[in-house]
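Take a look at the structure below.
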Amino acid sequence: MDMVSKSLNLAEAEAFRMFTRLQMPISLPGYGLKTGVRGLLSSVALGFVLAAGLVSAGLPVAAKSTAFSQSLAIAAADDEEVAAWYRDTAYDTLWTGPEDAARRQALIAALETAGDHGLPVARYDLAGIRAALASARTEGDLGRLEVKMTRAWLDWARDVSSGALDPAKIDSTIVREITRPDSYALLRAIATRDPATVARRLLPDSDAYVQLMKTRFDLEELSASGGWGPQVPAGALEPGATGERVVILRDRLIAMGWLSPTPTAVYDRMVQNAVMNFQRAHGLPADGVAGGDTLAEINKEPEDRMKSVLVAMERERWMDIDRAGRMIWVNLTDFSAEIIDDGRVTFRTRSVIGREEMDRRTPEFSDMMDHMVVNPSWGVPRSIIVGEYLPLLRSNPNAVSHMQIVDRNGRVVPRGSVNFAGYTARSFPFGMRQPPGDNNALGKVKFMFPNKHNIYLHDTPAKSLFAHDKRAYSHGCIRLADPFDFAHALFRNQAPEIESEFNQTLKGGRETPVKLEKKVPIHLVYFTAYPQGHGVMGYRRDVYGRDAKLWSALSAEGVVARTVSQ
């Protein structure tokens, strides 16, 4: 039997690759990037169809012979889900039969563009599949190839739809409930439906993912063409400055798209405005001075930004959420909290997040907000009681006098009846509570989404902290700069007179829970790269070093911040 198999050649691969980059350039501010059509991922999906015209695999008929079935069964022996599929379908082919051309073509197209999504291409072994397609000589070869392609399909489908990494293995403070697609369902879908459509629907469909992928393409092209020019030498630059360093700063801002071309060698008003716009997009104080933090961000290279974008794309793949309706979005790296209605930000405020020490960092997770408490008391977490307060009480029983000592039933215990010096951190049987009041650590209101991390949003008497640009000061909870306005925005739909009702409850001074009639999804996220609207990609500092960990893990899996030339 003449067994000839043809896979994508280099010209065909490049044709498909360029097809996925079809765009309608519109210049917009920010890094000299261009925004393309919003349907970028649809273009990628259409690439599957294009690839179908490029690939014509002349595989032999894979008769369901004993040799084929046995080799397939042996190859799938260590994967019960794959083995069960083929047993249940009487060893029918998905990829290697003469009627399987469309599936072969869709799979090869998907694997060819896996790197564009920042996926670990080596995991799918496209080169091995191509080699096997070209060298298959026996039905046993075809059985082994069948399993190899099935595994590649399942790996790619899981990775592109729900992420290539398990975040819990990277950092325990990343708590994402990731639902991996079922193997049997993925195989049934590719077996019974249009392959290109199945592949397309596995791609993340959020607008943010589209913009991140578009930015990723633009950044690699910028990198291949030399980036943004020389870095600005160290040392602050202020308005009125002149000289070579100002020229380098000017040229870099022009290359990034923050400044229109100008021959000026002076740090004039135009340069100052460009620096201020850059600072706003990067979460820096917009003072128009190119100081140390600002220059550190200006001097980042396209490859650095690409790493942030690729990590953000992985995070988007973990976020299997319904973006319709209302949700609360707390981006820890941006030190902000937003209420979003049907994709539109309707309220935004500054926030303070957990400190940088590992046991104080605010975790990433999603939950449902169900009520607020006006005039809250503060039940001090056990870790703070034994780690901070008990050592003080051992030496001075009257320390932290604003706190009540309470038993396990919540009853106040007189301090004079407690021998604090006789207890260890392990044996101390009491709790501590701060009653409602002007100096309560939670301020005048807290917003609850009961969770195992004991994290919530709340007011604070420490208002001065919101003047800082980097606001990591709490024990882990999220402090809001405008908690009353947040409450008004959150409850207005169910209580049109919320402002007056809220103020009346505040004046009463009593601890009062107020239930939301409809729970609101809340997402605590950590994006150092994200679309800010109007074609501008925002970048933030890696406050907790989580992105560095994720990039290291992606790199270990073979993901690269590659350029077009690669």
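How many residues does segment 320-378 hold that are without any contact (Cβ under 8 Å) to a residue 12 or more places away in the chain and under 17 Å from Asn451 (Cα atoms)?
Matching residues across segment 320-378 total 0.
Which of the residues spanning segment 250-291 are over 23 Å from Arg541 (Cα atoms) and of a type in the set (Asp, Glu)?
Asp251, Asp268 - these are the residues of segment 250-291 that are over 23 Å from Arg541 (Cα atoms) and of a type in the set (Asp, Glu).
Consider Phe466 carefully, then state whether it is surrounded by 14 or more Cβ atoms within 10 Å (Cβ to Cβ) and closer than 26 Å to Asn398 by Cα.
no
Can you tell me which residue is farthest from the chain's Cα centre (by Cα) among those in segment 519-551 that are in a helix (DSSP H, G or I) and of a type in the set (Lys, Arg)?
So the residue we want is Lys549.
Give just the number: which of (1) surrounded by fewer than 21 Cβ atoms within 10 Å (Cβ to Cβ); (2) assigned to a helix (DSSP H, G or I); (3) not acidic (Asp, Glu) does Leu554 not satisfy?
(1)
Sort through Val275, Val232, Val246 and tell me the only one that's modelled with pLDDT of 95 or more, crowded, with 17+ Cβ neighbours inside 10 Å and either part of a loop (DSSP other than H, G, I, E, B) or touching a Pro at 6+ places or on another chain (Cβ under 8 Å) (or both).
The match here is Val232.
Among (1) over 26 Å from the mean Cα position of the chain (by Cα); (2) without any contact (Cβ under 8 Å) to a residue 24 or more places away in the chain; (3) in a loop (DSSP other than H, G, I, E, B), where does Lys452 come up short?
Just one mismatch for Lys452, condition (1).
Being assigned by TED's automatic domain parsing to the domain that holds Ala101, surrounded by fewer than 16 Cβ atoms within 10 Å (Cβ to Cβ), free of Cβ contacts under 8 Å to residues at least 60 places away in the same chain and not acidic (Asp, Glu) is the requirement here; does Thr192 meet it?
Judged against the criteria, Thr192 is a match.
For residues in segment 469-481 being in contact with a Phe, Trp or Tyr (Cβ under 7 Å, 6 or more places away or on another chain) and closer than 22 Å to Lys519 by Cβ, which is surrounded by the most Cβ atoms within 10 Å (Cβ to Cβ)?
Leu480
Which is assigned to a helix (DSSP H, G or I), over 16 Å from Arg540 (Cα atoms) and within 25 Å of the chain's Cα centre (by Cα), of Glu303, Glu314, Glu338?
Exactly one residue qualifies, and that residue is Glu314.
Out of the residues in segment 278-300 that are part of a loop (DSSP other than H, G, I, E, B) and hydrophobic (A, V, I, L, M, F, W, C), state the one that is nearest to Pro230 (Cα to Cα).
Val289
When segment 489-517 is examined, which residues are found to be out of contact with any strand residue (DSSP E or B) (no Cβ under 8 Å at 6 or more places or on another chain) and assigned to a strand (DSSP E or B)?
Glu517, the sole residue that qualifies.
Any residue that is at pLDDT 95 or above, of a type in the set (Ser, Thr, Tyr) and either surrounded by 16 or more Cβ atoms within 10 Å (Cβ to Cβ) or not assigned by TED's automatic domain parsing to the domain that holds Asp293 (or both) - is there at least one of those in segment 487-502?
no
Just one of the numbered conditions (1) among the charged types (D, E, K, R); (2) surrounded by fewer than 14 Cβ atoms within 10 Å (Cβ to Cβ); (3) under 17 Å from His371 (Cβ atoms) is not true of Arg426; which one?
(3)
The values are calculated or read from the model by the stated rules, or taken from the named source; none is laboratory data. Owing to the predicted nature of the structure, the values given are computational and were not obtained by experimental measurement. Cβ sites come from the backbone with ideal geometry, for glycine too, and all protein chains shown count toward neighbours.
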